[in-house]
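Nothing in this text is a laboratory measurement; each read-out follows from the coordinates by a stated rule. Just so you know, these numbers come straight off a predicted model, no measurement behind them. Glycine gets a Cβ as well: all are built from the backbone with ideal geometry, and neighbour counts include every protein chain shown.
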Amino acid sequence: MINSLLDTVLDRTVVAGYTNVGHRIRSRRWSSSDLPRMDGKVALVTGASSGLGLAVAEGFARLGATVRLLVGSEERGEQARAKIVERSGNGDIRVGLCDLSRLESVRQFAGRFADRVSRLDVLVNSAGVMTDERAVSADGIERTLATNVVGPFLLTDLLFPLLENSAPARIVNVSSGGMYTQKINVDDLQSEHGRFDGPAVYARTKRAQVILTELWAEQLADSGVVVHVMHPGWSDTPGVRSSLPRF
Ligand SMILES: NC(=O)c1ccc[n+]([C@@H]2O[C@H](COP(=O)([O-])OP(=O)(O)OC[C@H]3O[C@@H](n4cnc5c(N)ncnc54)[C@H](OP(=O)(O)O)[C@@H]3O)[C@@H](O)[C@H]2O)c1
């Protein structure tokens, strides 16, 4: 009760909740040494070549999991793999190429993945983009929407059978508190009308991830697969440095 009240107060103040102040206060209540080992578990992390995805993948590796890194670039993926192996001492880390903004690439990745692993205990959808200008994917979908929502939607949907067969299993969607600044606009999901405002379009995709999480949670209610959505706090990552340099 007190913890939940404290969380609400921290979040309402925004700065106290999302900066390292919030992290410092909240982390008094838990320690990373309390985390259970993940030996024998398989985790798939998207956007694992950089920022939060890389940190999450390294965390799973340290706990002994078999970790699969979904990456958009082979070179950056291999660099991430080498870094994780060196830092965690866990050699069971592999890289899989996929452009989440392309439906065909997602289908191919999911097919290969399901052929190669016999279980999937944790899926973390961390990959994400924010763009300055409107661009469309090969499927004609606005790029932020394609990468942050449509690709992860298809990937997760295709991996449901594997997750269900591995239950209890977990899906974690990495959204953003930025979503509070925008409503979803179902009449213009492709952001075709008006001036293209990158941060606003990004925020709407982050809200869409929260809506999707609620729908998946309902759909998977009795399956043993739990779906979470979270805001990671403001983190100094390559993505933030390039898309919001002044922030
Ligand atoms: N950092 C923050 O303060 C913050 C706050 C709120 C929410 N978030 C969320 O946290 C998640 C991670 O962000 P981050 O800050 O760690 O950013 P980041 O450093 O830019 O990492 C994003 C990752 O997504 C990958 N990616 C982008 N487009 C892709 C595509 N089409 N196919 C496959 N992978 C793709 C990138 O791969 P490449 O590098 O190879 O392109 C990169 O590995 C995002 O969903 C973001 O919305 C971050």
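So between Glu86 and Val136, what do we pick up on full extension, going 0.36 nm a residue minus the alpha carbon distance? Numbers along the way, then the final one.
Values: separation 50, 0.36 × 50 = 18.00 nm, distance 3.76 nm.
Length gained, Glu86 through Val136: 14.2 nm.
Just to confirm my numbers, what's the Cα centroid distance between region 162-196 and region 77-124 in Å?
21
Less than 24 Å apart at the alpha-carbon level, and either on another chain or at least 8 residues along: which lysines does that give for Lys41?
Cα-Cα hits under 24 Å: Lys83.
Output the Cα-based Rg and Dmax of the chain in Å, rounding Rg to one decimal and Dmax to a whole number.
Taking only Cα atoms of the chain, I get Rg and Dmax of 17.9, 51 Å.
For Ala167 and Ser118 in one chain, what is 0.36 nm times their gap in residues minus the Cα-Cα distance, to one decimal in nm? Numbers along the way, then the final one.
On the way: separation 49, 0.36 × 49 = 17.64 nm, distance 1.24 nm.
Separation in residues times 0.36 nm, less the Cα-Cα distance, equals 16.4 nm.
Hey, got the dipole for the chain? About the Cα centre, +1 on K and R Cβ, -1 on D and E Cβ, debye to the nearest 20?
Numbers: 29 positive and 28 negative charges, 164 e Å.
The dipole magnitude comes to about 780 debye.
Do the sum for the chain: with -39,500 (n - 2.57) for every DSSP H run of n ≥ 4, divided by all residues, what is the mean residue ellipticity at 222 nm, to the nearest 500 deg cm²/dmol?
Values: 9 runs with 106 residues, N = 247.
One gets -13500 deg cm²/dmol as the mean residue ellipticity at 222 nm.
Given +1 on the Cβ of Lys and Arg, -1 on the Cβ of Asp and Glu, and no further charges, what dipole in debye does region 61-113 carry about its Cα centre, rounded to the nearest 20?
Details: 10 positive and 7 negative charges, 35 e Å.
Using Cβ point charges on Lys, Arg, Asp and Glu, region 61-113 gives about 160 debye.
Identify, among Ala61, Gly51, Ala138, the residue whose Cα sits farthest towards the positive end of the charge dipole of region 1-138, taking +1 on the Cβ of Lys and Arg and -1 on the Cβ of Asp and Glu, with the dipole about the Cα centre.
About the Cα centre, the residue reaching furthest to the positive side is Ala61.
Taking 8 Å as the Cα distance limit and 6 or more residues as the minimum spacing, I'd like the relative contact order of region 1-107 as a percentage.
Details: 143 pairs, mean separation 20.3, N = 107.
Over region 1-107, the number comes to 19 percent.
At 7 Å along Cα-to-Cβ for each site, give me the label-to-label distance between Ala16 and Arg195 in nm.
3.5
Report the gain in length on full extension from Arg28 to His228: 0.36 nm times residue separation, minus Cα-Cα distance, nm rounded to one decimal. All intermediate terms of the calculation are to be shown ahead of the outcome.
Details: separation 200, 0.36 × 200 = 72.00 nm, distance 2.22 nm.
Here the answer is 69.8 nm.
Suppose we keep just the DSSP beta bridges with both residues in the chain; what percent of those would be antiparallel, to 5? Please list the in-between numbers first.
On the way: 1 of 24 bridges.
Beta bridges within the chain, antiparallel portion: roughly 5 percent.
Does anything in region 119-142 have its amide N under 19 Å from the 7 Å Cα→Cβ label point of Gln108, and if so which residues?
The answer is 137-141.
Starting from the Cα of Lys183, draw a straight line to each of the lysines and keep only those under 26 Å, dropping any in the same chain fewer than 8 residues away.
By straight Cα distance, Lys183 reaches Lys206.
Would you please give the FRET efficiency between Arg37 and Gln79, computed as 1/(1 + (r/R0)^6) with r the Cβ-Cβ distance and R0 = 22 Å, to the nearest 0.05?
0.25
Percent antiparallel among DSSP beta bridges with both residues in region 98-243, to the nearest 5? Show your work: numbers first, answer last.
Values: 1 of 11 bridges.
Given both bridge residues lie in region 98-243, the antiparallel proportion sits at roughly 10 percent.
Compute a Gaussian network model of the chain, connecting alpha carbons closer than 10 Å, and tell me which residue from Ile211, Ile84, Ile25 fluctuates the most.
Looking only at Ile211, Ile84, Ile25, the biggest GNM fluctuation is shown by Ile25.
If I model a spin label at Phe247 and Ser235 as a point 7 Å from the Cα along the Cα→Cβ vector, what separation in nanometres do I get?
Result: 1.4 nm between the two label points.
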